[in-house]
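The values are calculated or read from the model by the stated rules, or taken from the named source; none is laboratory data. All values reported here derive from a predicted model rather than from experimental measurement. Heads up, the Cβs are rebuilt from the backbone with ideal geometry, glycines too, and the neighbour counts pull from every protein chain shown.
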Amino acid sequence: MIILYGIPNCDTVKKARAWLTAHGLNHEFHDFKKVGVPADRLAAWEAALGWQTLLNRKGTTWRKLDLQEQSAAVDAISAQALMRSQPSLIKRPVVEWGGRTTVGFDPVAWAAEL
């Protein structure tokens with residue numbers, strides 16, 4: 001089962017969901033805003049991908065943080081705490097392909113997953 005994690009109004013998440021649907025791939029959508037970030041999954045993503053990959057330092061939410069909050073993200077534990085408190089800081093979408101996890105939307109790489 002493919003599980004796509006993200007925020008429904010995110011343009012990248014919208015494109016990713018449309019791509020999965022267009023390719024006839026059944027998937028479950030996990031909405032960070034409504035359901036929250038599963039702590040066990042966040043830890044697993046960090047272990048697989050690294051916290052630096054998961055933490056979105058280019059988005060609006062990051063830029064809105066004060067310098068003290070930004071500088072507090074120094075390791076996996078502090079970054080996970082920040083991402084749990086502000087799910088929009090997680091780079092999107094995170095996709096679990098049933099054994100492999102990816103972050104971001106790349107149609108070429110996704111086609112290779114198939």
Set Arg84, Arg41, Arg63, Arg57: member being more than 11 Å from the chain's Cα centre (by Cα), surrounded by 13 or more Cβ atoms within 10 Å (Cβ to Cβ), part of a helix (DSSP H, G or I) and among the basic types (Lys, Arg): Arg84
Taking the range 66-81 and keeping only residues that are over 25 Å from Asn9 (Cα atoms) and part of a loop (DSSP other than H, G, I, E, B), one is left with Ala72, Ala73, Val74, Asp75
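Scanning for something surrounded by fewer than 11 Cβ atoms within 10 Å (Cβ to Cβ) and either in contact with a Cys (Cβ under 6 Å, 6 or more places away or on another chain) or touching a residue at least 40 places away in the same chain (Cβ under 8 Å) (or both), does the range 24-32 turn up at least one residue?
Keep residues of the range 24-32 that are surrounded by fewer than 11 Cβ atoms within 10 Å (Cβ to Cβ), which gives 24, 26, 28.
Okay, now just the ones that are also either in contact with a Cys (Cβ under 6 Å, 6 or more places away or on another chain) or touching a residue at least 40 places away in the same chain (Cβ under 8 Å) (or both), so none.
Within the range 24-32, not a single residue is surrounded by fewer than 11 Cβ atoms within 10 Å (Cβ to Cβ) and either in contact with a Cys (Cβ under 6 Å, 6 or more places away or on another chain) or touching a residue at least 40 places away in the same chain (Cβ under 8 Å) (or both).
Filter the range 44-54 down to the residues that are surrounded by fewer than 17 Cβ atoms within 10 Å (Cβ to Cβ) and either modelled with pLDDT under 95 or not in a loop (DSSP other than H, G, I, E, B) (or both) and list them by number. Give the derivation first.
Here is the first cut: in the range 44-54, the residues surrounded by fewer than 17 Cβ atoms within 10 Å (Cβ to Cβ) are 44, 47-50, 52-53.
Across the range 44-54, the qualifying residues are Ala44, Ala47, Ala48, Leu49, Gln52, Thr53.
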When you go through (1) within 17 Å of the chain's Cα centre (by Cα); (2) free of Cβ contacts under 8 Å to residues at least 24 places away in the same chain; (3) surrounded by fewer than 12 Cβ atoms within 10 Å (Cβ to Cβ) one by one for Lys14, which number turns out not to apply? (3)
Any idea how many residues of the range 94-114 are modelled with pLDDT of 90 or more, touching a Lys or Arg at 6+ places or on another chain (Cβ under 8 Å) and either polar (S, T, N, Q) or not in a strand (DSSP E or B) (or both)? 2
